[in-house]
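Undergrad: Here it is: the structure, laid out below.
The values are calculated or read from the model by the stated rules, or taken from the named source; none is laboratory data. As the structure is a computational prediction, the values presented were derived from the model and not from experiment. As a convention, Cβ positions derive from the backbone with ideal geometry for all residues, glycine included, and neighbour counts pool all protein chains shown.
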Amino acid sequence: MSFADRLIDWQRRAGRHDLPWQRRRDPYGVWVAEIMLQQTQVATVIPYYQRFLERFPSAAALAEADLDEVLQLWSGLGYYSRARHLHRAAREIVERWGGVFPKRVEDIARLPGVGRSTAAAIAVFAFGARAAILDGNVKRVLARCFGIEGYPGTPAVERRLWRQAESLLPERDVAAYTQALMDLGALVCTRARPRCEACPVAGDCVARLTGRAEQLPTPRPRRPLPLRQVQWLVVLRHDEVLLEKRPPAGLWGGLWSFPEIAVEEDATAWCERALQASAQALTPLEPFDHVFTHFALRIHPQLVRVRRVPARAAQPGWLWIPIDEAARAAVPTPVRKVLAAVGSPGP
DNA sequence: CAGCCGTGGCT
DNA sequence: TAGCCAAGGCT
């Protein structure tokens, strides 16, 4: 029996069949699922997927929405450029494709946020196309099965993996085969402690036969990171907290967060400058020189280790948000946690 | 091309 | 426990 047939047969018995995005096979539902699942585990995606599709049931509904609302529904899921791309792509589908999701893999792959692998997955699951995917699961399964050495992040190794993935494609049942590949990687051929005894292709697996299953795929070469520490300023006024809108791209792009400074900077001086610079936006607040009688500045004790201090926006927006509402605003998860830790500052 | 982007689970 | 990685794509 061929590699593909063994996997398809196994998938029918032991694979996943009841995931939310497997219930609907329309291209929009498949597309949103594939974007959310990029670098994100299934269990994390499920509640976000259900909320998102309830609010935006179609590309047209998504295209009409404000980006802020899309980001708010995405908040906590991470990789926020996915949400910005999704929103842009929805408008592209409406304007360029007349609201009809493109069918050709090349056209799907031109949508923002959709690369080669995601385009193939959409085409396979929504349109029954014959195309190969190559995600983390598939890379691991193929690297082990066929003994492909080397870090998959390098172009040479990735080319070999793509060629291998293409050559294994069955003539029919590509959707079942693709799902099988991902299920095998997620449930059996796991990164640590693979369950080789439950694998339908263990008999032909190079890594299994050479005892190198846990050594493949070759891990990323580690390079020491110049870690710095930054800290957040939490500016409070009664039961309100000051948030700034981050630049539209980059880290937490378009989301609201606390002002963030390097640990070497003087927080008090920085806060004075920031409040002075945004005096217009802060009306009807008191003049900044009263800041320490009318406002409370807290330097949150939680320090964050980051690669670099994120660049600040030239013209950040500022917003005083009641603490209760802030917890529901479009803010990234670390900010929500700090917010919960700060609580109400009292009178 | 290599670094960046987020959060959570795992060992 | 601190690092590694996950249904990758963009620059």
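Undergrad: Given the criterion modelled with pLDDT of 75 or more and either over 30 Å from A:ASP5 (Cβ atoms) or in a strand (DSSP E or B) (or both), identify the matching residue among A:TRP270, A:TRP232.
TA: Answer to the selection: A:TRP232.
Undergrad: Answer yes or no as to whether A:PRO224 is surrounded by fewer than 19 Cβ atoms within 10 Å (Cβ to Cβ), modelled with pLDDT of 90 or more and within 16 Å of DNA strand C (Cβ to nearest atom).
TA: Judged against the criteria, A:PRO224 is not a match.
Undergrad: Now for a separate question. Spot the failing condition for A:ALA176; the list is (1) more than 14 Å from A:VAL30 (Cβ to Cβ); (2) of a type in the set (A, V, I, L, M); (3) surrounded by 21 or more Cβ atoms within 10 Å (Cβ to Cβ), and only one is missed.
TA: It fails just one condition, (3).
Undergrad: On to the next question. Given the condition assigned to a loop (DSSP other than H, G, I, E, B) and either assigned by TED's automatic domain parsing to the domain that holds A:LYS103 or farther than 20 Å from A:GLU34 by Cα (or both), answer yes or no: does some residue in segment A:136-143 qualify?
TA: There is no residue in segment A:136-143 that is assigned to a loop (DSSP other than H, G, I, E, B) and either assigned by TED's automatic domain parsing to the domain that holds A:LYS103 or farther than 20 Å from A:GLU34 by Cα (or both).
Undergrad: In the set A:ALA129, A:ALA143, which member is modelled with pLDDT of 95 or more and closer than 20 Å to A:ALA59 by Cβ?
TA: The match here is A:ALA129.
Undergrad: Residues to consider are A:VAL45, A:VAL32, A:VAL100, A:VAL70; find the one that is β-branched (Val, Ile, Thr) and either in contact with a strand residue (DSSP E or B) (Cβ under 9 Å, 6 or more places away or on another chain) or free of Cβ contacts under 8 Å to residues at least 12 places away in the same chain (or both).
TA: A:VAL100
Undergrad: Can you find a residue that is within 22 Å of the chain's Cα centre (by Cα), farther than 20 Å from A:ARG6 by Cβ and polar (S, T, N, Q) anywhere in segment A:172-184?
TA: no
Undergrad: Please specify each residue of segment A:18-40 satisfying the condition of being part of a helix (DSSP H, G or I) and surrounded by fewer than 17 Cβ atoms within 10 Å (Cβ to Cβ).
TA: Answer for segment A:18-40, where residues must be part of a helix (DSSP H, G or I) and surrounded by fewer than 17 Cβ atoms within 10 Å (Cβ to Cβ): A:PRO20, A:GLN22, A:ARG23.
Undergrad: From the set of residues in segment A:140-152 that are closer than 18 Å to A:ALA202 by Cβ and under 26 Å from the mean Cα position of the chain (by Cα), which is surrounded by the fewest Cβ atoms within 10 Å (Cβ to Cβ)?
TA: The selected residue is A:ARG140.
Undergrad: Could you run through segment A:43-71 and say how many residues are surrounded by 19 or more Cβ atoms within 10 Å (Cβ to Cβ) and out of contact with any His (no Cβ under 7 Å at 6 or more places or on another chain)?
TA: 7
Undergrad: Do we find a residue being away from DNA strand C (no atom under 12 Å from the Cβ), part of a helix (DSSP H, G or I) and within 20 Å of the chain's Cα centre (by Cα) anywhere in segment A:9-17?
TA: no
Undergrad: May I pose another question? Within 16 Å of DNA strand C (Cβ to nearest atom), assigned by TED's automatic domain parsing to the domain that holds A:SER117 and under 23 Å from A:GLY98 (Cα atoms): is that true of A:LEU67 in this structure?
TA: yes
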